[in-house]
Amino acid sequence: MNLFELMLYVIEAIIVVASIYAAETKNIAYAILALLVISVLTAIIFYMLGALFVSMVQLGVFSGAIIVMFIFV
């Protein structure tokens, strides 16, 4: 196992934990922040895999939408 695979596994584990937290928390603000963490980490995975455009779309569209959702809640 090299460093690249180790980083992928760590990021994926954090995504799983954040997903469970977002689904189980009672506070909507914390759930939205967990969704933001999931979106940013997904963009990092896309970047690590060489999909720069998809990574930027993930950050721009989905993370931006989550931030707007956080403002209105």
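All of the numbers you see were taken from the coordinates with simple rules; none came from a lab. Nothing here was measured: the structure is a model prediction, and the numbers come from that model. Cβ atoms come from the backbone with ideal geometry, glycine included; neighbour counts cover every protein chain shown.
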Two-site FRET efficiency, MET1 against VAL54, from Cβ-Cβ distance with R₀ of 22 Å, rounded to 0.05: 0.30
Span-rule helices in the chain, defined as complete DSSP H runs reaching 27 Å or more along the axis (Cα) with Kyte mean at least 1.0: 3-24, 28-48
Over the chain: helical MRE at 222 nm, DSSP H runs n ≥ 4 each giving -39500 (n - 2.57), nearest 500: -26000 deg cm²/dmol
Over the chain, volume per residue of the alpha carbon convex hull, in Å³: 63 Å³
Proxy reagent accessibility, fewest Cβ within 10 Å first, across VAL40, VAL17: VAL17, VAL40
